[in-house]
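Presented below is the structure to which this report refers.
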């Protein structure tokens, strides 16, 4: 009995040759080569697919390195800037302390202080207050004690910020008094002036008191000259305890100093220069 073996014959013919050559392979060998070739092709495709992301990531490494170096340099600059800002804030706090926080409690003995501004006294030590009753012009000192005028009026066109009225450095909690009699038209809180009071006086005059820590009057209250309006503080846009004081005439802000330093008939008011 003759056994039959399946084979595969491969013909190889070169152009110009008269004869062809043939290669005979067992079928199992042909199938093995075929399967192996397919597997190799699949592996090559998978390798290409998997290698592509790796190749892209590798190509980005130099750029990432440069980014890391740039971010490190910027981070160092941020640290240096932060240190500079901390130093500026420390100097600013020191300056505020020199101009307000440290000198204000020492106002009781101005002769022992370095001259930073002239001191304005509300009353002569030996005089008696001469507050009038009813509606009156705002001509009285707005505090229950002495204070240092740290800033005066600054008009439009100046190289510094426009500033109406005067700022008077005074210890926190000093009684703020009405400069004249009238009706309270506004009493509350403002982002700029903190707790404030505005009074309508006689003959078109008004007065305003800002940065207080507490108010003891309300809108529509009638007040006499010298009546307590509240306590001084540092609310609103303020860096140290002080009173912001303004006087208006016919709606226009005027310099309060000439008015509040007028003398009463018994010589109550006095300005002492430093």
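Obtain the nm distance between the two label points defined at residue 20 and residue 74 by a simple spin-label model: each point lies 7 Å from its Cα along the Cα-to-C-beta direction.
7.0
Could you tell me whether segment 39-78 comes out rounded, prolate or oblate from its Cα gyration tensor? Rule is a ≥ b ≥ c as square roots of the eigenvalues, rounded for a/c under 1.5, then prolate if a/b exceeds b/c, otherwise oblate.
prolate
Just rank 18, 95, fewest to most, by other beta-carbon atoms within 10 angstrom.
The fewest-first ordering by Cβ neighbours comes to 18, 95.
Neighbouring Cβ atoms within 10 Å as the yardstick, rank 39, 130 fewest first.
39, 130
Using a simple spin-label model with points 7 Å from Cα along the Cα→Cβ vector, what separation in nm is obtained for residue 163 and residue 27?
In this crude spin-label approximation the distance works out to 10.9 nm.
Using Cβ counts within 10 Å as a stand-in for footprinting exposure, how do 235, 84 rank, fewest first?
Ranking 235, 84 by Cβ neighbours within 10 Å, fewest first, gives 84, 235.
Can you give the FRET efficiency for residue 222 and residue 90, using 1/(1 + (r/R0)^6), R0 = 45 Å, r = Cβ-Cβ distance, to the nearest 0.05?
0.40
Assuming a ≥ b ≥ c are the square roots of the Cα gyration tensor eigenvalues, decide whether segment 7-72 counts as rounded (a/c under 1.5), prolate (otherwise, with a/b larger than b/c) or oblate.
Cα axes put segment 7-72 in the oblate bin.
Just so you know, all these numbers are worked out from the coordinates, no wet-lab data involved. Values in this document were obtained by computation on a predicted structure and should not be read as measured data. Neighbour counts run over all protein chains shown; Cβ positions are idealised from the backbone, glycine included.
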